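The values are calculated or read from the model by the stated rules, or taken from the named source; none is laboratory data. Just so it is clear, the model here is predicted, and its values are computed rather than measured. Using ideal geometry, Cβ is built from the backbone for each residue, glycine included, and neighbour counts are taken over all protein chains shown. Side chains included, ligands, DNA and RNA excluded: accessible areas come from the protein's heavy atoms. Shrake-Rupley method; radii C 1.70, N 1.55, O 1.52, S 1.80 Å.
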Amino acid sequence: VLHTEERAVSATATVTYHNNSPDTLTYLWLHLEQNLFKPDSIGALSKEPGSRFGYREGFDGGYKIESLTSGGKPLELHVYDTMGRIDLDDPIEPGEVYQFQIAWHFNIPPFGGDRLAIEDVEQGAVFEIAQWFPAVAVYDDVDGWNTLGYLGQGEFYTNFGDFDVRITPPRDHILVAGRLPQNPW
């Protein structure tokens, strides 16, 4: 949900992870790119304050994880800057599928990168929302988990997958996305 007055996003997701590797997984890693906008993130601390990607004083950024569960049982998330590790009670064997639910929200920075910010123009606010959901990191046959943190610039190594995303903007908003709308007007 885009909360235009609060300039925030809230969402829930059910994530279905397929362990296509030959390895038994005892934890999952999540990319938490919104945490770049926390004042103590490595990305914020490595940029000039107030610059394009730098932290702005007084902004309360980063993910606020409201719940993380699997099968109705709470999961623990260990956050390391823009990465989070979910330790699993039961390992995911090769070929198995694991499902978890996550709910979160974050404040949209009034500054930021090329794909995430708010720009106030004469006609109103333009919201650019990207990297808005916690995403399972890549597990590959070369390095295992890709736990490289996000620093604000550059691209990243991510999974391909099927995404069922439903966005319902207010009637007076224009939505631009990477696919044709199912019900344009």
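Relative contact order (percent) for the range 1-112, with alpha-carbon contacts under 8 angstrom and 6 or more residues of separation?
Details: 229 pairs, mean separation 46.5, N = 112.
About 42 percent, as a whole number.
Could you work out how much longer the chain between residue 164 and residue 1 gets when fully extended? Use 0.36 nm per residue separation minus the Cα distance between them, nm to one decimal.
Value of the extension gain: 57.2 nm.
Residue by residue through the range 119-127, which ³J(HN,Hα) values in whole Hz follow from phi under the Karplus form 6.51 cos²θ - 1.76 cosθ + 1.60 (θ = phi - 60°), with glycine and proline marked x?
Coupling constants for the range 119-127: 10, 8, 10, 4, 7, x, 8, 10, 9 Hz.
For residue 73, what charge total do you get from the other residues with a beta carbon under 15 Å from its beta carbon, if Lys and Arg give +1 and Asp and Glu give -1? Could the numbers behind the result be given before it?
Working: positive: none; negative: 76, 87, 89, 90.
Once all neighbours under 15 Å are counted, the net charge is -4.
Enumerate the amide H contacts of residue 111 below 5 Å, restricted to partners 5 or more residues apart or on another chain; note that Pro and chain-start residues carry no placed amide H.
Answer set, sorted by chain and number: 118.
Calculated from DSSP H runs of 4 or more alone, at -39500 (n - 2.57) each and per residue, what is the 222 nm mean residue ellipticity of the chain, nearest 500?
About -500 deg cm²/dmol.
Measure off 7 Å from each Cα along the Cα-to-Cβ vector at residue 73 and residue 93, then give the distance between these two points in nanometres to one decimal.
Result: 1.7 nm between the two label points.
Would you kindly derive the ³J(HN,Hα) couplings of the range 57-73 from the backbone phi angles with the Karplus curve 6.51 cos²θ - 1.76 cosθ + 1.60 (θ = phi - 60°), listing them in order in whole Hz, with x for Gly and Pro?
3, x, 7, 9, x, x, 5, 10, 7, 8, 7, 8, 9, 9, x, x, 9
Hey, of (1) 17.5, 55; (2) 15.2, 44; (3) 19.7, 58, which did the structure itself give for Rg and Dmax of the Cα atoms in Å when calculated?
So the calculated entry is the one marked (1).
List the lysines whose alpha-carbon lies under 17 Å from that of residue 64, not counting same-chain residues fewer than 8 positions away?
Reachable lysines: 38.
Quantify, in whole percent, the carbon and sulfur part of the accessible surface of the range 1-144 (1.4 Å probe; protein heavy atoms only).
Its accessible area is 49 percent carbon and sulfur atoms.
Long-range amide H contacts for residue 83: which residues qualify at under 5 Å (H placed 1.01 Å from N, peptide plane, sequence gap of 5 or more or a different chain)?
Hits under the 5 Å cutoff: 32.
To the nearest 20 Debye, how big is the dipole of the chain about its Cα centre, given +1 on the beta carbon of each Lys and Arg and -1 on that of each Asp and Glu? Please report the intermediate quantities before stating the final value.
Working: 12 positive and 28 negative charges, 92 e Å.
Charge dipole of the chain: 440 debye, to the nearest 20.
Less than 12 Å Cβ to Cβ from residue 46, Lys/Arg counted +1 and Asp/Glu -1: what total charge do the surrounding residues give?
Working: positive: 47; negative: 40, 48, 81.
Every neighbour counted, the sum reads -2.
Return the FRET efficiency for the residue pair residue 147, residue 125: r is the Cβ-Cβ distance, R0 is 22 Å, and the value is rounded to the nearest 0.05. Walk me through the intermediate numbers first.
On the way: r = 35 Å, r/R0 = 1.58.
Approximately 0.05, to the nearest 0.05.
Counting only heavy atoms of protein chains, what accessible area per residue, in Å², does the range 1-140 have with a probe of 1.4 Å? Intermediate results must be reported in sequence, preceding the final value.
Working: 7280 Å² over 140 residues.
Counting only protein heavy atoms, the per-residue value for the range 1-140 is 52 Å².
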